[in-house]
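For reference, the structure is listed below as C-alpha cells.
The values are calculated or read from the model by the stated rules, or taken from the named source; none is laboratory data. In this text, all values refer to a predicted model and were calculated from it rather than measured experimentally. Positions of Cβ are generated from backbone atoms using ideal geometry, with glycine treated the same way; all protein chains shown enter the neighbour counts. Ligands, DNA and RNA are stripped out before the accessible areas are found, and what is left, the full protein with its side chains, is counted by its heavy atoms. Shrake-Rupley method; radii C 1.70, N 1.55, O 1.52, S 1.80 Å.
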Amino acid sequence: QVQLVESGGGLVQTGGSLRLSCAYSGRISGINYMGWYRQAPGKQRELVALIIGSGITNYADSVKGRFTISRDNAKNTVYLQMNSLKPEDTAVYYCNCRADLRDYFGQGTQVTVSS
C-alpha cells in the first residue's frame, strides 16, 4: 500500500500562487505515476496534472501554463506549483498515485482563491 499526505493549501487572492506538497510512503516501488485531482463543491473530481516517472507530465487544459507538477524522488514528495490562481481554481486538491494497478488518494487540502 501507499500512503499520501498533502499540505500547502490555503486562502489566496486572485493572481496569487500556492505550492502543494504530497509526501508519499509505503510500497513506493510499485508507483506507476502520480498526480493531482481537485473537486469543487457540486462538481465531480477532475484530474489536474499527472507525472510519469520524473519527467513526463500532462495537464488539464484549464491549468496549462499556470500549474507545474514535479517530483523529488529523494524526498518522496510530489509538488504542484500553482500560479496565476483564479476563483475557479477553488477546490479540495487531492494527491493521487497509481501503484500495483490500484489508485490511492490523500485526504485532500483546501485551496480557496478569493476574487
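Taking 0.36 nm per residue of separation and subtracting the Cα-Cα distance, full extension of the segment from SER17 to TYR33 would add 3.3 nm.
Charges at C-beta only: +1 for Lys and Arg, -1 for Asp and Glu. How large is the resulting dipole of region 14-100 about its Cα centre, in Debye rounded to 20?
80
Beta bridges per DSSP, both residues in the chain: antiparallel share near 90 percent. Considering all alpha-carbon pairs of the chain, what whole percent are spaced by more than 21 angstrom? In whole percent, the share of Cα-Cα pairs in the chain beyond 21 Å is 30. Cross-link partners of LYS86 among lysines, defined as those whose alpha carbon lies under 26 angstrom from its own and excluding same-chain residues fewer than eight positions apart: LYS43, LYS64. Per-atom-type breakdown for region 20-115 gives carbon and sulfur 48% of the accessible area (1.4 Å probe, protein chains only). For region 20-115, the solvent-accessible area of protein heavy atoms averages 50 Å² per residue (probe radius 1.4 Å; ligands and nucleic acids excluded). For the chain, modelled as a GNM with alpha-carbon contacts under 10 angstrom, which of ALA91, ALA99, ALA49 fluctuates the most? Highest fluctuation among the options: ALA99.
Within the listed set LEU85, LEU47, LEU11, the residue fluctuating most in the Gaussian network model of the chain (springs between alpha-carbon atoms under 10 angstrom) is LEU11.
Calculate, in nm to one decimal, what SER7 and SER70 gain on full extension: separation in residues at 0.36 nm each, minus their alpha carbon distance.
21.2 nm
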